[in-house]
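Let me begin by presenting the structure, written as structure tokens, before commenting on it.
The values are calculated or read from the model by the stated rules, or taken from the named source; none is laboratory data. These numbers were taken from a predicted model, which means no experiment stands behind them. Glycine gets a Cβ as well: all are built from the backbone with ideal geometry, and neighbour counts include every protein chain shown. Each accessible area value is taken on the protein alone, full model and side chains, heavy atoms only, with ligands, DNA and RNA left out. Shrake-Rupley method; radii C 1.70, N 1.55, O 1.52, S 1.80 Å.
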Amino acid sequence: MKLNIKDKFNKILPADPVLENSRRQVANACFSYVNPKQTSKPQLMHVSPEMLKNLGISEKDAKSTDFLNIFTGNKVLQNTKPYAMCYGGHQFGNWAGQLGDGRAINLCEVEHDSKNWQLQLKGAGETPYSRTADGLAVLRSSIREYLCSEAMFHLGVPTTRALSLALSGDNVMRDIMYDGNPAYEKGAIVCRAAESFLRFGSYEIFASRQDEATLKTLVDYTIKQHFSHLGKPSKGTYIQFFKEVSERTLKMIIHWQRVGFVHGVMNTDNMSILGLTIDYGPYGWLEGYDYGWTPNTTDRQHKRYRYGNQPNIGLWNLLQLANALYPLIDEAEPLEAILNQYKIDFESGLLSMMRSKLGLQNEHENDQKMIQDLEDILHLTETDMTIFFRNLSSFKKENPSEGIKIIRDAFYKPDEIVGNIETRWDDWFNRYADRLRLESLSNNERQKEMNEVNPKYVLRNYMAQLAIDSADKADYGLIDELFQILKKPYDEQPEFENWFAKRPEWARHKIGCSMLSCSS
């Protein structure tokens, strides 16, 4: 197997001089060299044909022993030096100090078709940043990451990608709900791919240590390698760099809101500098449309990372990045202006996104009120977000009285649609019909437009859990079925209609289907 290796991160940036793989504080370095842990009996479960093509790997090579060994950590590619990245982060609003790649090891960088890919194994063993953990990953979290990163890409959401999913052949001890009942689970490894895995916390760590020299080295490297269109590093370029990171971050979060994705753990170490969705841990998809929902058990009390708060957390995280970059700029005003612009842009961006979900091409002064009223009504009774917006595309402005009937399948308790709730729905549908009459699109044209932004298929937690349960019994068919469905989330795919369904009742409180822990 031949890859076009073009390592830059570990050749240009300062390395940890200590080569011993021991837990420690790492100063003045962007990474530490470390080799993946040998696995006892690795087995490939799934490989992404699309990512093979992106990396210039043939299907034949993907079936080779070489491929298996490289992407499960048993073989280091020739002329490469694997490493773990150093970074810090704010976790749940508090500075946590040094974090780093505790269970991720970067293999190399590959260039193909003029695009750069960093390849990283998640669950490949301990690193100097593992703290008290073992650096391994389990089957359930690995399946969730593998399927979701690829599903998000096809939804049009900026994201890291996944190349392969494999069993390590080793057992891993985990306390899934942090309740003092640990048990052995099957170990697994995902190969993740992205242009870069740099995070906000990559810059915060050096700012927190007043290590301006390494901070400047890393920021200059980032601009040269990933934001070269901004020009040579300078004070003005640093400001433009922060502006673009802010814009990319907001764009990503608005996409999350559009498809009903809740990240679950938006710590600054989980925020990509490229505006990619990164680190798929206790994420979830809205079932009932609920601004207050979070999938993360750790966040259950304060709901910091709830669905409706994601845009605000994006701003808070950008403020921390601004603080980290400040020593290089030494002027608060331009950074504050960018943060203030984020607030303006996220209001207008969310409104524009909601218009698109409702099939509205023109702007009207009453749109904000109509959308707010819709969101209020959606909270009155549990209403499936995905099904509601997908079925709404069938609404016809000539028949507003048919509105409730068209969306009925989205209600978890349809018998609650009586009295005040029914009246409010009817009123809203009449207003929506009036609003649609101000548009030039025909019903069919609008339906097509709406179906291009409102997915029919998303990776609901219960779907991922069914795939996990099957894989635990060595049946990987469901992983592939979901993988294929989620490649075309906006298509009807009548052969997979059974997956266009509300969360089943058995999944309402099941571990892995409702709340998830950070070990998920």
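Values computed for the structure shown
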| item | result |
| --- | --- |
| Filtered residues of region 408-426 (kept if of a type in the set (K, R) and either over 20 Å from T386 (Cα atoms) or over 33 Å from the mean Cα position of the chain (by Cα) (or both)) | R424 |
| Flag for L215 being at pLDDT 95 or above, aliphatic (A, V, I, L, M) and either over 24 Å from G89 (Cα atoms) or in a loop (DSSP other than H, G, I, E, B) (or both) | no |
| Of all residues making up region 132-166, the number that are surrounded by fewer than 22 Cβ atoms within 10 Å (Cβ to Cβ), out of contact with any Ser or Thr (no Cβ under 8 Å at 6 or more places or on another chain) and not in a helix (DSSP H, G or I) | 4 |
| Residue count, region 189-211 (criterion: within 24 Å of K115 (Cα to Cα) and of a type in the set (S, T, N, Q)) | 2 |
| Criterion (open to solvent by less than 30 Å² (accessible area, probe 1.4 Å) and farther than 21 Å from R503 by Cβ) met by exactly one of E402, E439, E445 | E439 |
| Of the criteria (1) exposed (fewer than 13 other Cβ atoms within 10 Å of the Cβ); (2) within 30 Å of L318 (Cα to Cα), which one C86 fails | (1) |
| Subset tally (residues that are open to solvent by 10 Å² or more (accessible area, probe 1.4 Å), polar (S, T, N, Q) and under 21 Å from the mean Cα position of the chain (by Cα)) for region 461-480 | 1 |
| Lone unmet requirement of (1) under 14 Å from F200 (Cα atoms); (2) open to solvent by less than 20 Å² (accessible area, probe 1.4 Å); (3) aliphatic (A, V, I, L, M) for A96 | (2) |
| Residue tally, condition crowded, with 21+ Cβ neighbours inside 10 Å and assigned to a loop (DSSP other than H, G, I, E, B), over region 294-312 | 3 |
| Test: residue in region 65-78 that is modelled with pLDDT under 95 and either over 18 Å from S142 (Cα atoms) or open to solvent by 60 Å² or more (accessible area, probe 1.4 Å) (or both) | yes |
| Residue among K53, K41, K8 that is touching a residue at least 40 places away in the same chain (Cβ under 8 Å), farther than 24 Å from L218 by Cβ, open to solvent by 20 Å² or more (accessible area, probe 1.4 Å) and among the charged types (D, E, K, R) | K41 |
| All positions within region 341-364 that are over 22 Å from the mean Cα position of the chain (by Cα), in contact (Cβ under 8 Å) with a residue 60 or more places away in the chain and closer than 11 Å to L250 by Cβ | Q341 |
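Conditions (1) of a type in the set (D, E, K, R); (2) at pLDDT below 95; (3) within 17 Å of S149 (Cβ to Cβ), marked per residue:
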site: E247; (1), (2), (3): yes, no, no
site: K251; (1), (2), (3): yes, no, no
site: Q257; (1), (2), (3): no, no, no
site: L274; (1), (2), (3): no, no, yes
site: G281; (1), (2), (3): no, yes, yes
site: W285; (1), (2), (3): no, yes, yes
site: A322; (1), (2), (3): no, no, no
site: P327; (1), (2), (3): no, no, no
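Conditions (1) without any contact (Cβ under 8 Å) to a residue 24 or more places away in the chain; (2) of a type in the set (A, V, I, L, M); (3) outside any helix (DSSP H, G or I), marked per residue:
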| site | (1), (2), (3) |
| --- | --- |
| N430 | no, no, no |
| A433 | no, yes, no |
| L438 | no, yes, yes |
| Y457 | no, no, yes |
